[in-house]
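Notes to accompany the following structure.
The values are calculated or read from the model by the stated rules, or taken from the named source; none is laboratory data. Please read these numbers as outputs of a predicted model, since none were measured by experiment. So basically every Cβ, Gly included, is an ideal-geometry build from the backbone, and we count neighbours across all protein chains shown. The accessibility values were calculated without ligands, DNA or RNA, using every heavy atom of the protein model including side chains. Shrake-Rupley method; radii C 1.70, N 1.55, O 1.52, S 1.80 Å.
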Amino acid sequence: MEVPKDQIATLLENGLHDSAQMLGCFLVSSPTVNAETNLHLKAESQALLGDTFFREREYRRAIHNYKQALQYYKMIPKQNAPSSRSSLSSNRSSSPNSYNLSAINENEVKFKIASCHYSLNENKAALVEMEGIPSKARNLQMNLLLAKLYRNSRHNRAAVAIYKECLRHCPFIIEAITALAELGSTAKDIISLFPQNPNRSGRAQYDHFESCRWLQRYVEAQCCMASNDYKGGLELFEDLLQRFPNNIHLLLEIAKVEAIIGKNEEAIMNFEKARSIDPYIITYLDEYAMLLKIKSDHSKLNKLVHDLLNIDPARPEVFVALSVLWERKDERRALSYAEQSIRINERHIPGYIMKGHLLLTMKRPEAAVVAFRGAQELRPDIRSYQGLVHTYLALSKIKEALYASREAMKAMPQSAKALKLVGDVHASNSSGREKAKKFYESALRLEPGYLGAALALAELHVTEGRNVDAVSLLERYLVDWADDSLHVKLAQVFAATNSLQDALLHYQDALRLNPQNEAAKRGLERLEKQMKGVDPDAPEDDDDNDVEDADGDQEEAELL
């Protein structure tokens, strides 16, 4: 043969993709391969060339060659088919990285085509290819891709069935466990799929599983997270971390939960610990970027984005981090980055959350509702509910806001943040303030350290003229929580009651704790005008200060 195809396989196995690709071009154009009678060889050569394109991420070229391979395969006379199929009865990988040189297997090539479409976010085309593979012919890798495609297409029942099939074959497929939890399976249901009795591989496998009870705890943690029981999930993840110290996956899961429930300092610490162990991780670091934005730590945020761009500029987390970075400078550009993250991965929830937040800031609440609803459809969590409630309030759609807040409370009955959301809706009109007060107080009883509820209750006191109650509440919290947002709110209350010296001290304390606190900077600037006898409510300052005085501090923490 003029061009030995086994040499292409050797080149691919050694990672020499460019050479393999060029040699593949010689192979498919050689007279021997192009002879009319060599249909087997034509099919094999086109499939092999397709593999070289796949490895170089040239997915469309790979699809083209794989489809040509299938066309040649279908032209092979039927009497020859059994021999070609029997040659593939061996246990070979269906991955495009597999270089077995026997005649092509139609199902494997369909899987490779589906993998290309999946990489291009063409889920419908990928699903068509996968559904063309008989269930008995699918291996574990094929089943996992099919389950993902069903889930992306919102065929949840079919996705659950395939994910369960995957776990019956191998209980350690972590992504299947997480997917089943998010799709509503209980921990008991998932654990029941694991092998409970000795099987044909003998007692040793059972004993091995018995020593892996930690996996059941992991299942329980993911089910807690999926049902919005953040406290339970966090406790289980932390227990696992005791057994597996410095486990990067667990550290990132814990940090993500802490970010969602508002334990910002703890989340930042765990993200930084994970990065100290592995400085090249990207998973969940867009959540870390949002926390740095809340903290106004712009230098760390800049460095984070720079690092992520150097690691892998094509990941959705990187584009969300870019969106967070550009929010202060150029909201339109920030929005385009958030949208790009969703184009890369249409299931990337932080992209929708960031997009909704930006649209709300840009006075486009109708579009923000769509973004927050997108996040909620993927997986309802407290942030998508917060975004929806605040957006409906911005649209003066009180009824819809109340419905969304009650939906959050129903989904998360033990969440102080959900209780506060209902309070926020009632506080938006004068007739509901007494109800709002009760919800804020209930939130604080449930979670005494929830500063968002304390700040909201203090604001309610101020609105109703109970400035002394507001000061008393905030000073009580300052005893245990040295937080810059508490100092800012106290300063605002003191400034409103003309206690300018006290206001000055608290603005200064806020800036000592967080020199980048924008609310403290603006408040201090406004206060200095008051102390000089200049009207601080000049038209150019009024808009900024009114927004900040009302609920700007807590909205920033809540929405992000």
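General observations
- Estimated vicinal HN-Hα couplings, Hz - the stretch 315-331 in sequence order (Karplus 6.51, -1.76, 1.60; Gly, Pro = x): 7, x, 4, 5, 6, 5, 4, 4, 4, 4, 4, 8, 4, 5, 8, 7, 5
- Between Ala408, Phe26, Gln376, the Cα set farthest toward the positive side of the dipole of the chain (charges on each charged residue's Cβ, about the Cα centre) is that of Phe26.
- With R₀ set to 60 Å, the beta-carbon distance separating Met269 from Met75 gives a calculated FRET efficiency near 0.45.
- Point-to-point label distance, Ala394-Leu120, nm (Cα→Cβ direction, 7 Å offset): 3.7 nm
- Residue pairs, from the table Lys148/Lys363; Lys410/Lys521; Lys164/Lys420; Lys256/Lys438; Lys188/Lys417; Lys355/Lys397, whose Cα atoms sit over 32 Å apart: Lys148/Lys363; Lys410/Lys521; Lys164/Lys420
- Alpha-carbon Rg/Rh ratio, for the stretch 368-473, with Rh computed the Kirkwood way: 0.99
- Between Trp214 and Lys329, the modelled labels are 4.2 nm apart [label points 7 Å from Cα along Cα→Cβ].
- Its Cα centre serving as origin, the chain has a Cβ charge dipole (Lys and Arg +1, Asp and Glu -1) of approximately 2700 debye.
- Based on the Stokes-Einstein relation at 37 °C and a viscosity of 0.692 mPa s, and on the Kirkwood radius from alpha carbon pairs, the stretch 208-305 is assigned a translational diffusion coefficient of 235 µm²/s.
- Solvent accessible area, Å² - Phe26, 1.4 Å probe, full protein context: 130 Å²
- In the chain, helices alone account for a calculated mean residue ellipticity at 222 nm of -22500 deg cm²/dmol, with every DSSP H run of four or more residues adding -39,500 (n - 2.57).
- Per residue convex hull volume, Cα atoms of the stretch 243-350, in Å³: 97 Å³
- Cα-derived Rg over Rh, computed across the chain with Rh taken as Kirkwood radius: 1.07
- Per-residue 3J(HN,Hα) values for the stretch 345-362, derived from phi via the Karplus relation 6.51 cos²θ - 1.76 cosθ + 1.60 with θ = phi - 60°, read 9, 5, 9, 8, 4, x, x, 5, 4, 5, 4, x, 4, 5, 4, 5, 5, 8 Hz in sequence order (x marks Gly and Pro).
- Backbone phi angles across the stretch 248-261, fed through the Karplus curve with coefficients 6.51, -1.76 and 1.60 (θ = phi - 60°), yield HN-Hα couplings of 4, 4, 5, 4, 5, 5, 5, 4, 5, 4, 4, 5, 5, 8 Hz in residue order; Gly and Pro are listed as x.
- Solvent-accessible area per residue in the chain equals 47 Å², computed with a 1.4 angstrom probe and all protein chains kept.
- Rounded to the nearest 20, the Cβ-based charge dipole of the stretch 325-385 about its Cα centre (Lys and Arg +1, Asp and Glu -1) stands at 120 debye.
- Neighbours of Asn302 by Cβ distance under 12 Å: Lys/Arg scored +1, Asp/Glu scored -1, total +3.
- Fraction of accessible area attributable to carbon and sulfur, the chain (%, probe 1.4 Å): 50 percent
- Annotation: amide H-H contacts under 5 Å for Lys263 (H modelled 1.01 Å from N, sequence separation of 5 or more, or interchain): none.
- Given charges at Cβ of Lys, Arg, Asp, Glu: the chain dipole, positive-most of Leu455, Leu478, Ala495: Leu455
- Convex hull volume per residue for the stretch 235-286, taking Cα atoms only, in Å³: 66 Å³
- Positive minus negative residues near Lys273 (Lys, Arg vs Asp, Glu; Cβ under 15 Å): -4
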